[in-house]
Amino acid sequence: MASSGMKSLGASSWRKPKHQQHFQVCFCFKRIFKLKVSEPPEEIRRIFENFSDSHNGTVMSVEGLCRFLVHFQGERDCEETKEKAQAVFDSHKHLFLFQRKGFHVDAFFRYLLGDHNGPLSQVGHDMCSPLAHYFLYTGHNSYLTGNQFSSNSSTSPIIKALKKGVRVIELDLWPNSTGKSVEVRHGGTLTSSVKLRACLNAIKEYAFYASKYPVVITFEDHITPPLQAKVAKMVNDIFGDMLYRPSPQHVMNKFPSPESLKEKILISTKPPETPQEDQDHKDERSFGVNYMTHYNSRENDENGEGNGDEYEDEDEGEEDNALEYRGLISIHAGKPKGGLENWFISHEKVRRLSLSEDQLEGIAATRATDIVKFTQKNLLRIYPKGMRLDSSNYDPIVGWMHGAQMVAFNMQGHDHFLRMMEGMFRANGGCGYVKKPDILLDENEVFDPRASRTVQKTLQVTVYMGEGWHSEFSATHFDSYSPPDFSVQLHIHGVPADSCTKSTETMEDEWVPVWNQGFSFPLRVPELALLYIKVIEHDFKGKHDFGGQTCLPVSELREGIRSVRLCNRKGETYKSVRLLIHFQFII
């Protein structure tokens with residue numbers, strides 16, 4: 001059983017554990033199980049003895065802990081590591097497990113399970129390259145609270161996304177019922193609307209709650225030129241100096257860097273057409289009025305990248321309106337004229353292109369390297385196909401391995417792919433921007449995601465033990481008649497050749513399971529790999545329970561023995577549940 005002291009891993013006393021647990025099987029019979037206290041596995045004791053200073057291996061000094069950090073945990077042999085070892089000692093001096101000359105093995109164990117021994121490095125990425133060199137934490141239909149067909153629209157999901165570190169917010173702009181003002185809604189559906197001003201004010205208030213790096217607002221624009229002018233005024237009034245406005249005379253041949261855009265808001269949509277462009281497209285205009293027609297059009301017009309001019313207006317000030325609206329737009333969206341052969345041609349001016357998940361997979365079958373080359377300078381946004389009415393998501397790795405910076409996700413669900421998205425953006429301190437690996441930026445040898453490659457390094461994972469469930473759940477939460485039966489699943493998500501799943505044995509009737517099992521994962525493109533960890537509680541009826549999960553970017557894993565905290569289905573971190581895991585890279 002996990003004690004209350006182990007819950008905080010820093011409390012001054014432990015609650016005395018109950019040594020037995022009773023399960024009522026019938027009126028006259030009880031099953032009695034001895035509860036195991038969370039204690040160091042044998043492997044942890046052996047490691048402690050190897051780095052201890054006393055002749056009998058019972059005490060570890062500051063110097064011994066420093067040797068452990070350098071030679072086992074892979075930290076640098078420097079003054080900073082010595083200071084860290086001293087800080088660990090100082091923080092444990094109040095515990096009865098701390099002896100005058102150093103650590104007892106149980107204090108060492110508690111340090112390993114503590115929150116200051118997490119699995120991810122804290123080294124920040126270079127943030128001075130163009131925006132196109134980064135993956136951006138991107139939302140889709142950011143205002144929807146539920147499904148894509150009949151749910152409510154609100155500012156709440158926008159605020160929640162920004163608090164999580166999402167950096168790209170999507171708003172669909174439509175005329176209201178009178179046609180005189182603008183509202184945000186999912187057109188052609190039964191979803192409700194929310195006022196644009198409310199959405200923009202929410203973004204202003206929470207844009208830099210989780211990160212100082214820029215927020216991009218993508219408009220899917222279905223409004224008239226006069227309404228575009230109203231939007232321009234509203235955006236200027238609300239954001240003021242927060243809004244990034246590139247010089248109208250300057251041709252943007254590369255995007256600015258996240259560092260240069262700190263605490264800035266950027267608008268991205270298709271610019272209004274010039275009179276000549278408008279004339280050229282008159283015969284192409286169409287507006288789907290029923291739901292399925294709307295969704296078919298979205299495959300070619302997501303984020304306003306089709307004609308964007310379904311409503312005609314002969315207002316005399318149309319050209320002035322267009323100039324005001326155009327002046328907002330720092331990231332121009334749109335598909336070039338002509339067929340697929342023109343989409344990825346290099347242009348002087350950088351831009352954003354959007355593709356549905358289906359379109360990406362279709363084009364990638366024959367043009368994968370063209371897509372990667374395009375994303376070295378331009379932005380590519382991938383969005384869910386129209387039939388995902390339940391707000392489910394798709395495999396984000398497909399977009400990332402083709403260099404797509406904006407893999408747009410529905411954030412209101414709890415699907416497996418959303419957990420992968422969260423895992424990717426735990427990197428770089430959770431700031432919402434992750435630097436793309438060099439292989440995706442090499443202009444001389446353009447990356448082909450499906451090309452055959454040799455193994456670059458092997459990730460070795462040893463799952464020692466887990467604890468904390470008994471503090472988090474009732475005695476009968478997993479099973480009415482016995483303690484839980486836990487196993488750990490390890491999934492590598494990455495390029496097709498790297499993807500695989502392995503699992504520990506099932507430890508029966510244990511609240512504090514000890515597996516001590518190791519696994520090897522050969523990786524060909526470790527820069528794009530994610531390690532998804534899931535705990536399963538097995539049921540003899542075959543309907544297994546969920547025991548926790550997390551997803552970690554392999555590129556930022558710290559070697560050594562680490563405390564890995566688990567989350568619930570919603571992605572919220574449990575207070576107590578964690579695994580003790582050893583990570584090691586073999587090159």
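The values are calculated or read from the model by the stated rules, or taken from the named source; none is laboratory data. If you're wondering where the values come from, they're calculated on a predicted model, not measured in any experiment. Cβ sites come from the backbone with ideal geometry, for glycine too, and all protein chains shown count toward neighbours. With ligands, DNA and RNA removed, areas are computed over all heavy atoms of the protein, side chains included. Shrake-Rupley method; radii C 1.70, N 1.55, O 1.52, S 1.80 Å.
The table below lists the values:
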| quantity | calculated |
| --- | --- |
| Solvent-accessible area per residue, Å², over segment 111-267 with all protein chains present [probe radius 1.4 Å] | 39 Å² |
| Residue order for His477, His186 - accessible surface, 1.4 angstrom probe, largest first | His477, His186 |
| Pairwise label distance in nanometres, Asn176 with Ser260, each label 7 Å out on the Cα-Cβ vector | 4.0 nm |
| Filter on Lys230/Lys349; Lys212/Lys377; Lys84/Lys264; Lys373/Lys457; Lys212/Lys349 - keep pairs with C-alpha separation over 31 Å | Lys84/Lys264 |
| Share of carbon and sulfur in the accessible heavy-atom surface of segment 409-516 [1.4 Å probe, %] | 42 percent |
| Long-range HN-HN contacts of Tyr574 with modeled amide H, under 5 Å | Leu566, Cys567, Asn568 |
| Viscosity 1.002 mPa s, 20 °C: Kirkwood-radius Stokes-Einstein D of segment 407-516 over Cα pairs, µm²/s | 119 µm²/s |
| Accessible area in square angstrom per residue, segment 451-576, 1.4 angstrom probe | 39 Å² |
| Overall form of segment 93-171 per C-alpha gyration tensor (a/c, 1.5; a/b vs b/c) | oblate |
| Taking only Cα atoms of segment 39-151, radius of gyration then Dmax in Å | 21.4, 70 |
| Listed peptides 401-414, 539-552, 506-519, 375-388 by packing density, highest first (mean Cβ within 10 Å) | 401-414, 375-388, 506-519, 539-552 |
| When each of Lys195/Lys436; Lys262/Lys435; Lys502/Lys543 is checked by Cα-Cα distance, pairs over 26 Å | Lys195/Lys436 |
| Förster radius 45 Å - calculated FRET efficiency between Ala198 and Ile586, Cβ distance, rounded to 0.05 | 0.25 |
| Contact order relative to length of segment 114-201, as percent, for alpha carbon pairs under 8 angstrom and 6 or more apart | 27 percent |
| Taking the convex hull of Cα positions in segment 352-415, its mean projected area over all directions (nm²) | 4.2 nm² |
| Projected label distance in nm at Ser520 and Gln122, using a 7 Å step from Cα toward the beta-carbon | 3.4 nm |
| Burial order of peptide ranges 355-362, 101-108 (average beta-carbon count within 10 Å, highest first) | 101-108, 355-362 |
| Cα-based Rg and Dmax for segment 52-93, where Dmax is the largest Cα-Cα distance (Å) | 10.3, 29 |
